[in-house]
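> Here's a structure for you.
The values are calculated or read from the model by the stated rules, or taken from the named source; none is laboratory data. Note that this is a predicted model, so its numbers are computed, not measured. Neighbour counts are summed over all protein chains in view; Cβ atoms, including those assigned to glycine, are modelled from backbone coordinates with ideal geometry. Side chains are part of the model used for accessible areas, which takes the heavy atoms of the whole protein and leaves out ligands, DNA and RNA. Shrake-Rupley method; radii C 1.70, N 1.55, O 1.52, S 1.80 Å.
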Amino acid sequence: MTASDHRHELYTVDQVRALDRRAIDALGIPGYELMQRAAAAALVCLRQHWPRARRIAVYCGPGNNGGDGFLLAALAHEAGLHADVIALGESQGDDAVRARREFELGGGTVHPWQGSGELPLADVQVDGLFGTGLRRALAPDVAQLVRQMQARGAPILALDVPSGVNADTGEVPGESVQADVTVTFIAAKRGLYTAQAPGYAGQLQLEPLGLPESLWHGCRADAELLRVQTLAPRPRQVHKGNNGHVLAIGGDHGTAGAIRLCGEAALRGGAGLVSVATRSEHLVALNSARPELMAHEVNGPQALAPLLERATVLALGPGLGQGAWGHALWLTALESGLPLVLDADGLNLLAREPRQLTGRAVLTPHPGEAARLLGCDTAKIGADRFAAARELARRYGAIVVLKGAGSLVAEPEGRVAVCPWGNPGMASGGMGDLLTGIIAALLAQGCEAWQAACLGVGLHARAGDLAARKGGERGLLASDLLEPLRLLLNGKGA
Ligand SMILES: NC(=O)C1=CN([C@@H]2O[C@H](COP(=O)(O)OP(=O)(O)OC[C@H]3O[C@@H](n4cnc5c(N)ncnc54)[C@H](OP(=O)(O)O)[C@@H]3O)[C@@H](O)[C@H]2O)[C@H](O)CC1
Ligand SMILES: [K+]
């Protein structure tokens, strides 16, 4: 287990608590010392990000997150900074009480938050309100404080978890601090990377508090962060047959765009050949727009059969519709037994006619499709995306990509990877069609399903970030990702 390994591991709150316990019991490091190390690491982080800060305002909650805040304020005083501390009521727990007393004994004054009132001037605000102990939405008086902190305009450093974010699920049950930087201690909490959390955490920094590697040995993590991966360079003596043949099936009346984006992404994703089975009305447009696509008119299963013979991987669903035409093609495609990526209406048809797809399928639902596949509402999906992704993978016997902020990749045995890339500009039409084509292309080039899903999700999100860095998030179009995708696939680009 190397240092980098556990830095890519994601933990639940309970697992982090087990690590705490282990540090205290097995390594003999008192909890208060962990708090002191956290405060010191947080002050270093603050001065790295805002080296000219002279005045800080520290907001302390009732628990140990608040304790981190009190000790940071005490250290800031010792370092010559001015620290104002505002506290939510009394401190709970020995360590938090001790930390508060240490701040006061050092000459600090704690100002109780009365539910309203002017906040102190500050170059940087420190959020020590709640961390892994948050158990419900922020109360109105705390939500008011958070709104005033945001309105102050000074940057916010969140300690461990932005206050208001559920560290296990990434859900924000009410309001939350919107941090510029979150410094999280000992282990990365899985909730910081998915659901609403990425919009509140700002830049994430993991501080292991100088604990020895042995602490993580044998400690189970719940999930892992995707890492940058690329495919091995192509051998010189290669011909198009070596890189598979993707057959994209979809594009009912009026939805040629979806199947075209999917086919084009499969080409840019490196598939050797890409055919498209679609409505006759789209052929001219497809062939003139992208002649490298082999577009075929398919009016029913009979016409699809010879195309299935030649294909090695299917991309089934973009613009497929749920009518008789789409349903007939969907059934025939599933019966072919070919490896496949199932998306959009291909998923909605699966929700209507559930079946196991063991071993050869990647499903790419957004939360709405996921809800239909599980027979629940999207609120339940958002309440615990990890559980939803795992249940989908188990129930359908497939690799599942649960799309959205912090997309998750899950396999039936329970393994989950989280995508740390992507941006709000990608919430636009066609992005999903692209992902389907990319994953199909990777399957066609010999990746097994888990690797194709992880690599495809990572390439897709990083291409979105590259395109957004170039031209901004607003107005980002799916086709803007095609060029960056090719760069990243070949190990070029940022
Ligand atoms: N894990 C580590 O290595 C370290 C952790 N540290 C810091 O400790 C916090 C976790 O501290 P904890 O005391 O468990 O929890 P919090 O400080 O996050 O919450 C404090 C209490 O607040 C109450 N609570 C929860 N939600 C709300 C709410 N919405 N409104 C009001 N009050 C709330 C809750 O008590 P209740 O009984 O009222 O539920 C909590 O107990 C961790 O995040 C780190 O910052 C160590 O200091 C460093 C190492
Ligand atoms: K916090």
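> Tally time: how many residues in region 389-420 are hydroxyl-bearing (Ser, Thr, Tyr) and open to solvent by 10 Å² or more (accessible area, probe 1.4 Å)?
Within region 389-420, residues that are hydroxyl-bearing (Ser, Thr, Tyr) and open to solvent by 10 Å² or more (accessible area, probe 1.4 Å) number 1.
> Considering each of Gly251, Gly257 in turn, give the residue that is outside the structural domain of Tyr193 (by TED's automatic domain parsing) and touching a helix residue (DSSP H, G or I) at 6+ places or on another chain (Cβ under 7 Å).
Result: Gly251 is the single residue among Gly251, Gly257 that is outside the structural domain of Tyr193 (by TED's automatic domain parsing) and touching a helix residue (DSSP H, G or I) at 6+ places or on another chain (Cβ under 7 Å).
Residue-wise test of (1) open to solvent by 20 Å² or more (accessible area, probe 1.4 Å); (2) within 16 Å of ligand 1 (Cβ to nearest atom); (3) over 20 Å from Leu43 (Cα atoms).
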{"site": "Gly89", "(1), (2), (3)": "yes, yes, yes"}
{"site": "Arg98", "(1), (2), (3)": "yes, yes, no"}
{"site": "Thr109", "(1), (2), (3)": "yes, no, no"}
{"site": "Ala137", "(1), (2), (3)": "yes, yes, yes"}
{"site": "Leu159", "(1), (2), (3)": "no, yes, no"}
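> Taking region 147-168, which residues are of a type in the set (Asp, Glu) and under 14 Å from Leu204 (Cα atoms)?
Once the filter is applied, which keeps residues that are of a type in the set (Asp, Glu) and under 14 Å from Leu204 (Cα atoms), region 147-168 yields only Asp160.
> Next question. Restrict the check to region 370-391 and report whether at least one residue is under 22 Å from Leu455 (Cβ atoms), in contact with a Ser or Thr (Cβ under 6 Å, 6 or more places away or on another chain) and not aliphatic (A, V, I, L, M).
For region 370-391, residues under 22 Å from Leu455 (Cβ atoms), in contact with a Ser or Thr (Cβ under 6 Å, 6 or more places away or on another chain) and not aliphatic (A, V, I, L, M): present.
> Follow-up question, since we're still on this one. Considering only residues that are free of Cβ contacts under 8 Å to residues at least 40 places away in the same chain, assigned to a helix (DSSP H, G or I) and not β-branched (Val, Ile, Thr), which ones fall in region 261-303?
Within region 261-303, Ser280, Glu281, His282, Leu283, Ala285, Leu286, Asn287, Ser288, Ala289, Pro301, Gln302, Ala303 qualify.
> Could you run through region 111-135 and say how many residues are away from ligand 2 (no atom under 16 Å from the Cβ), open to solvent by 50 Å² or more (accessible area, probe 1.4 Å) and in a loop (DSSP other than H, G, I, E, B)?
Residues flagged as away from ligand 2 (no atom under 16 Å from the Cβ), open to solvent by 50 Å² or more (accessible area, probe 1.4 Å) and in a loop (DSSP other than H, G, I, E, B) within region 111-135 amount to 5.
> Conditions: (1) within 23 Å of Cys419 (Cβ to Cβ); (2) more than 17 Å from the chain's Cα centre (by Cα). Thr194 meets all but one. Number of the miss?
Among (1) within 23 Å of Cys419 (Cβ to Cβ); (2) more than 17 Å from the chain's Cα centre (by Cα), Thr194 violates only (2).
> Hey, can you tell me all the residues within region 347-374 that are in a helix (DSSP H, G or I), more than 16 Å from Asp433 (Cα to Cα), out of contact with any strand residue (DSSP E or B) (no Cβ under 8 Å at 6 or more places or on another chain) and open to solvent by less than 60 Å² (accessible area, probe 1.4 Å)?
Leu349, Ala351, Ala371, Leu374
> Output the residues belonging to region 203-213 that are over 30 Å from Glu175 (Cα atoms) and open to solvent by 50 Å² or more (accessible area, probe 1.4 Å).
Matches in region 203-213: Gly210, Pro212, Glu213.
Yes or no, residue by residue, for (1) touching a strand residue (DSSP E or B) at 6+ places or on another chain (Cβ under 9 Å); (2) closer than 21 Å to Leu408 by Cβ; (3) open to solvent by less than 60 Å² (accessible area, probe 1.4 Å):
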residue: Gln196; (1), (2), (3): no, yes, no
residue: Ala201; (1), (2), (3): yes, yes, yes
residue: Leu215; (1), (2), (3): no, no, yes
residue: Gly218; (1), (2), (3): no, no, no
residue: Ala223; (1), (2), (3): yes, yes, yes
residue: Ala232; (1), (2), (3): no, no, no
residue: Arg236; (1), (2), (3): no, no, no
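> Another question, if that's okay. Output the qualifying pairs, or none if there are none: Cβ atoms under 8 angstrom, residues six or more apart or on different chains, first residue in region 216-229 and under 17 Å from Asp14 (Cβ atoms) and among the aromatic types (Phe, Trp, Tyr), second residue in a loop (DSSP other than H, G, I, E, B) and open to solvent by 70 Å² or more (accessible area, probe 1.4 Å).
Close Cβ pairs (under 8 Å, with a partner that is in a loop (DSSP other than H, G, I, E, B) and open to solvent by 70 Å² or more (accessible area, probe 1.4 Å)) amount to Trp216/Met1.
> Something else about it: Give the residues of region 406-450 that are in a helix (DSSP H, G or I) and within 17 Å of the chain's Cα centre (by Cα), sorted by residue number.
Passing the criteria: Pro424, Gly425, Met426, Met431, Gly432, Leu435, Trp450.
> If you check Asp141 against the conditions, is it within 22 Å of Arg52 (Cα to Cα), surrounded by fewer than 19 Cβ atoms within 10 Å (Cβ to Cβ) and not assigned by TED's automatic domain parsing to the domain that holds Ala405?
No.
> Might you check whether a residue that is without any contact (Cβ under 8 Å) to a residue 60 or more places away in the chain, buried (at least 20 other Cβ atoms within 10 Å of the Cβ) and in a loop (DSSP other than H, G, I, E, B) occurs anywhere in region 242-259?
Among the residues of region 242-259, not one is without any contact (Cβ under 8 Å) to a residue 60 or more places away in the chain, buried (at least 20 other Cβ atoms within 10 Å of the Cβ) and in a loop (DSSP other than H, G, I, E, B), which makes the answer no.
> Going by the structure shown, is Asp180 within 21 Å of Leu43 (Cα to Cα) and either touching a residue at least 12 places away in the same chain (Cβ under 8 Å) or within 12 Å of ligand 1 (Cβ to nearest atom) (or both)?
Judged against the criteria, Asp180 is a match.
> Among the residues that make up region 218-225, is at least one of them within 14 Å of ligand 2 (Cβ to nearest atom), in the same structural domain as Ala26 (by TED's automatic domain parsing) and either in a loop (DSSP other than H, G, I, E, B) or closer than 22 Å to Gly61 by Cα (or both)?
no
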